[in-house]
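Notes for the one structure printed next.
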Amino acid sequence: MTQTTETTDNSSAAKPTTVPVLLVPSHKIDVQLVVACGLDRAIGERGTMPWYVPDDLSHFKELTLRSCVIMGRKTLESIGKALPHRRNIVVSSDFTLKDRFANIEVVSSLPLAIERAKIARPWAEVRCEERCRVHYYHTVSIIGGAQLFAEALNYANTLQVTQLWARFPHADTFFPEVERKNWRWECMPQQCAGRDTFFFCAAPQPEGFAQEIPPLDEAIVQDSRTGEVLDREHLPQGLCYRFSTFRRKKEMRPVDDAGTESGANASVSAETADVAEAGTSSAEAPQEA
Ligand SMILES: NC(=O)c1ccc[n+]([C@@H]2O[C@H](COP(=O)([O-])OP(=O)(O)OC[C@H]3O[C@@H](n4cnc5c(N)ncnc54)[C@H](OP(=O)(O)O)[C@@H]3O)[C@@H](O)[C@H]2O)c1
């Protein structure tokens with residue numbers, strides 16, 4: 001259980017009041033993995049992300065708000081602080097992280113992180129005033145980076161993928177290859193007039209990071225704000241993206257909490273098609289405030 005505060009609208013009072021919210025796991029928790037990646041499965045470069053797509057940050061926020069996130073130590077350092085209004089569990093061998101970052105819990109392995117996310121935070125760690133609101137979360141999101149994703153693929157039931165229509169030639173961190181046959185594409189990419197559709201988010205891209213944008217010959221490009229179909233040959237600064245959700249097939253159950261494999265094949269394999277190439281969408285976290 002973690003403490004977070006939020007402002008509630010109090011219509012009878014002139015001033016809004018701030019009520020602490022305790023995030024508590026519900027009895028049934030789904031483990032999902034949330035990632036944004038390029039066509040080359042790039043997820044990071046020099047400790048950050050080589051793109052800026054505000055729509056994806058909003059999508060990430062929507063997926064993770066008022067629930068629990070699990071991240072690797074470098075991802076925490078990349079974000080620079082615990083994500084607000086979420087329970088933050090960090091996987092690291094460095095337990096002194098707690099002295100440098102407020103509102104985090106540190107555990108030494110991913111199975112321990114998942115186990116911890118399924119129980120309430122020790123009461124001694126929670127500073128809750130008399131008046132607080134309990135919010136039960138149903139989802140635990142593993143939000144990266146690459147090192148954590150590689151192991152997390154064995155535990156997640158759901159993949160929330162944002163596919164960015166770009167390659168990042170100097171990226172140094174990549175999403176692992178995914179065994180596609182274990183996953184059912186639940187939400188098809190958006191379609192317009194029976195054709196693959198990408199959204200376009202106009203935003204200046206960060207300086208000093210190379211991006212290669214291949215032509216979108218077959219797809220329709222829609223403005224993410226207005227839905228207007230855009231001329232894909234003459235797009236302003238920004239990136240095309242789409243979101244996809246994959247569910248693990250029933251017969252491919254994830255490993256259990258003890259770390260033993262219970263499914264027919266829950267492992268990551270090098271011979272598989274790649275979720276990014278499969279045409280999905282992406283989402284992100286590290287740049288989010
Ligand atoms: N595009 C996206 O969706 C996305 C999401 C997240 C991050 N990123 C990017 O990814 C990069 C960081 O990823 P990264 O792979 O370098 O680092 P990371 O996975 O965030 O952190 C690595 C560290 O976390 C701990 N750790 C990770 N997996 C572990 C495991 N299975 N068991 C035990 N400890 C584990 C270790 O900490 P100790 O060394 O302290 O023991 C390890 O050194 C950044 O560039 C970031 O911007 C992108």
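When segment 197-233 is filtered for residues that are in contact (Cβ under 8 Å) with a residue 40 or more places away in the chain, in a strand (DSSP E or B) and either touching a helix residue (DSSP H, G or I) at 6+ places or on another chain (Cβ under 7 Å) or crowded, with 17+ Cβ neighbours inside 10 Å (or both), the ones remaining, listed by number, are Thr197, Phe198, Phe199, Phe200, Cys201.
Yes/no per residue for (1) in a loop (DSSP other than H, G, I, E, B); (2) closer than 30 Å to Glu212 by Cα; (3) touching a residue at least 12 places away in the same chain (Cβ under 8 Å):
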{"site": "Ala120", "(1), (2), (3)": "yes, no, yes"}
{"site": "Val140", "(1), (2), (3)": "no, no, yes"}
{"site": "Phe149", "(1), (2), (3)": "no, yes, yes"}
{"site": "Val161", "(1), (2), (3)": "no, yes, yes"}
{"site": "Ala171", "(1), (2), (3)": "yes, yes, yes"}
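Looking at Ser67, Ser58, just one residue is among the hydroxyl-bearing types (Ser, Thr, Tyr), without any contact (Cβ under 8 Å) to a residue 60 or more places away in the chain and either touching a Leu at 6+ places or on another chain (Cβ under 7 Å) or away from the ligand (no atom under 12 Å from the Cβ) (or both), and that residue is Ser58.
Any residue in segment 49-68 that is in a strand (DSSP E or B) and modelled with pLDDT of 95 or more? Even if it seems obvious, please write down each step before you answer.
Initially, segment 49-68 is screened for residues in a strand (DSSP E or B), giving 68.
Then drop every residue that is not modelled with pLDDT of 95 or more, which leaves 68.
Among the residues of segment 49-68, at least one is in a strand (DSSP E or B) and modelled with pLDDT of 95 or more, which makes the answer yes.
On the stretch given as segment 91-118, residues that are more than 8 Å from the ligand (Cβ to nearest atom), modelled with pLDDT of 95 or more and touching a strand residue (DSSP E or B) at 6+ places or on another chain (Cβ under 7 Å) total 11.
What about Arg184, is it assigned to a strand (DSSP E or B) and out of contact with any Pro (no Cβ under 8 Å at 6 or more places or on another chain)?
Working: assigned to a strand (DSSP E or B): yes; out of contact with any Pro (no Cβ under 8 Å at 6 or more places or on another chain): yes.
So Arg184 fits the description; yes.
Residue-level check: of (1) part of a strand (DSSP E or B); (2) in contact with a Pro (Cβ under 7 Å, 6 or more places away or on another chain), Asn154 misses just (1).
Table: residues versus (1) away from the ligand (no atom under 15 Å from the Cβ); (2) closer than 22 Å to Val53 by Cα.
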{"site": "Pro169", "(1), (2)": "yes, yes"}
{"site": "Asp172", "(1), (2)": "no, yes"}
{"site": "Val178", "(1), (2)": "no, no"}
{"site": "Asp196", "(1), (2)": "yes, yes"}
{"site": "Gln205", "(1), (2)": "no, yes"}
{"site": "Pro215", "(1), (2)": "yes, yes"}
{"site": "Ala219", "(1), (2)": "yes, yes"}
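Output the residue which, of all residues in segment 120-140 that are modelled with pLDDT of 95 or more and away from the ligand (no atom under 16 Å from the Cβ), is farthest from Ser26 (Cα to Cα). Spell out how you get there, then give the answer.
Just the residues of segment 120-140 that are modelled with pLDDT of 95 or more, to begin with: 136-140.
Right, trim to away from the ligand (no atom under 16 Å from the Cβ) and you get 136-139.
Numbers: Tyr136: 5, Tyr137: 6, His138: 6, Thr139: 9 Å.
In this case the residue turns out to be Thr139.
The values are calculated or read from the model by the stated rules, or taken from the named source; none is laboratory data. Keep in mind that this is a model prediction, so the values were computed, not measured. Here the Cβ is made from the backbone with ideal geometry for all residues, glycine too, and neighbour counts use every protein chain on show.
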